[in-house]
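Throughout, read-outs are computed from the coordinates displayed, never taken from laboratory work. Since the structure is predicted, the reported quantities are computational estimates derived from the model, not experimental observations. So basically every Cβ, Gly included, is an ideal-geometry build from the backbone, and we count neighbours across all protein chains shown.
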Amino acid sequence: MTLQASMVIDKDFVLSEVDPRIYGSFIEHLGRAVYGGIYEPGHPAADERGFRRDALEAIRKLKVPIIRYPGGNFVSGYNWEDGVGPQAERKRKLELAWWTTETNQVGTNEFAEWAKLAGSEVMMAVNLGTRGPDAARNLVEYCNHPAGSYYSDLRISHGYKEPHRIKTWCLGNEMDGPWQIGAKTAVEYGRLANETAKVMRWVDPNLELVACGSSGRGMPTFAEWEATVLDLSYDQVDYLSLHTYYNNNENDSMNFLARSMDMDQFIGSVASICDYIKAKKRSKKKLYLSMDEWNVWNTIGSSRASERWQVAPPEFEDTYTMEDALVVGCCLITLLKHADRVKIACLAQLINVIAPIMTENGGPLWLQTTYYPYMHASLYGRGTVLHPVIRSAKYDSKDFTDVPYLEAISVYNEESRQITLFAVNRHLSDSLELDVNLGSFGQVRLIEHIVLEHENIKATNTKNRPQEVVPHTRGTTLIDGGKLSVKLSKASWNVIRLEYVSE
Ligand code: AHR
């Protein structure tokens, strides 16, 4: 059977400019993300500082604008001072978020230096679990103050004359979670976030600050937490965080593929809470959202490494399937649909830990299925998002009703005169005929139609078969004047790249 869908892409239906930071990612001191991922001295691909060049190359290709660091749960027990100064003198410490040993061989300076090589900004998180405003303001002084104060001069004495100029900072991590080191009530955290933000800004008025929302929409205190925290900190913060992970542990693919609708509703709810507090305070300020942890996470139930206090043991090394890539694609489209409100988003995480990139210690690197939609969105999804005007056949699944088989969004870029249409066909066995009216753009030319698909939605890329699921450019898109006829194969991720030649 062939399903039908239609879409209007109109230049005047402007939704928002895309903040490129929605294509951000996350590297935590967890598992082999840092040690064995980006940093492995002695590896044949390592540079003189110990950074794996193969990892850097794969990350650069993604054009990741911003990377959150150093956690995650890790940050809530982290003393940043342990990770600076001569590496040989750094302390090995018991790390209580993941029950490992932290060698501190990579810290603030190494990461800032590495991020520069990767072409990314750092989104730094401060510890509001075991610490507070004092450690946070000292870290801002260490990172961003040019010179002439204790902490800025300390940085210079550590070999970093230029400040790191880190602009975006997270005020702790998942402070509502009982698993968090130093978890707080909403009132405790709201006050702490407010006071910490205040002094961080006194050190550097250019900072943009992210307050912690709930660790997930399913938390018992969700919504109440957001409202209370913002009530206590609204004037001092710029963004509120959202975290969400999806899995197909019930083995119900149609329901799993609809999970991006949960993300959509989650964003809508949190935006409403922000606006409620704005109204309550008669504030002129609009609060934006930072979806700073999102991904498919199938091993989410498994907890810390079985044996305690290992150094960088493999943790949460999910192997992603073709269907996982489709869900990541649908989530990227959902983030674009909310580009007016979501200004930062971090695919959690970037390497080895629930990640699009995998490495073996001492061995090769390979790309997971999810690498591709993430890369396509980051490369081709910059510019102006257009309101999606879509008609599509729909289905009901266990948790969702009226799920459109077609998930799609378009972005156009005035400078390059390009339009990109991202589209997922959620149907597992039928292709979808999509008619697109592009009239307002005049004459268009197809640059390419990229497709990620596989006969088997459970197919994966592994060390021994790294090319099992890779994109091709044999997609079928026909152009007739301002109209496109596109065939979206069953269970496929599509990137239709167009150029407008006349208006
Ligand atoms: O990304 C992995 C973990 O998930 C993070 O440390 C934590 O913030 C979340 O629960």
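Side notes on the structure shown:
- P(r) histogram, all alpha-carbon pairs of segment 208-340 included - 10 Å bins from 0, percent: 11, 36, 30, 19, 5, 0
- Label-point gap, in nm, between Asn361 and Thr101 - each point 7 angstrom along Cα→Cβ: 1.2 nm
- The Stokes-Einstein estimate for segment 294-333, based on a Kirkwood radius over Cα pairs and taken at 25 °C with 0.890 mPa s viscosity, is a diffusion coefficient of 204 µm²/s.
- Here the convex hull built on the C-alpha positions of segment 378-503 has a volume of 129 cubic angstrom per residue.
- Debye equation applied to the C-alpha atoms of segment 239-284, log10 I(q)/I(0) at 0.23, 0.27, 0.29 Å⁻¹: -0.82, -0.97, -1.03
- Gain in span if fully extended, Asp402 to Arg60, counting 0.36 nm per residue against the direct Cα distance: 119.3 nm
- Most to least packed among 330-340, 210-220 [average Cβ atoms within 10 Å]: 330-340, 210-220
- Among the trypsin sites (Lys or Arg not before Pro) found in segment 22-102, those both in a DSSP coil and sparsely packed, with 13 or fewer other Cβ atoms within 10 Å of their Cβ, are Arg49, Lys91, Arg92.
- Estimated inter-spin distance, Leu379 and Ala223, nm [label 7 Å along Cα→Cβ]: 4.2 nm
- Rounded to the nearest 20, the Cβ-based charge dipole of segment 212-300 about its Cα centre (Lys and Arg +1, Asp and Glu -1) stands at 540 debye.
- When segment 379-450 is described by a simple charge dipole with +1 on each Lys and Arg Cβ and -1 on each Asp and Glu Cβ, the residue from Phe441, Ser416, Leu379 located farthest towards its positive end is Ser416.
- √(5λ) per eigenvalue of the Cα gyration tensor, segment 334-421, largest first, Å: 28, 21, 12
- Relative to the longest principal axis of the Cα atoms of the chain, the long axis of helix 186-203 makes an angle of roughly 80 degrees.
- For the chain: relative contact order, % (alpha-carbon pairs under 8 angstrom, 6 or more apart): 20 percent
- Taking 0.36 nm per residue of sequence separation and removing the Cα-Cα distance, the Glu17/Lys394 pair yields an extension gain of 132.8 nm.
- Listed residue pairs exceeding 31 Å between alpha carbons, taken from Lys281/Lys337; Lys286/Lys394; Lys61/Lys343: Lys286/Lys394
- Computed from point charges on the beta carbon alone (+1 for Lys and Arg, -1 for Asp and Glu), the dipole magnitude for the chain about its Cα centre is near 660 Debye.
- Once the C-beta distance of His387 and Asn206 is scaled by a Förster radius of 30 Å, the resulting FRET efficiency is 0.35 to the nearest 0.05.
- Long-range Cα-Cα pairs in segment 2-86 (distance over 15 Å), rounded percent: 73 percent
- One decimal place: the segment Ala88-Lys483 gains 135.8 nm when fully extended, by the rule 0.36 nm per residue minus the C-alpha distance.
- Scoring 279-287, 461-469, 431-439, 171-179 by mean Cβ neighbours within 10 Å over their residues and listing the highest first yields 171-179, 431-439, 461-469, 279-287.
- Between Glu307 and Gln467, the modelled labels are 3.7 nm apart [label points 7 Å from Cα along Cα→Cβ].
- Restricting the calculation to Cα atoms, the chain yields a radius of gyration followed by a Dmax of 22.6, 71 Å.
- Separation of alpha-carbon centers, segment 374-426 and segment 199-271, rounded to whole Å: 22 Å
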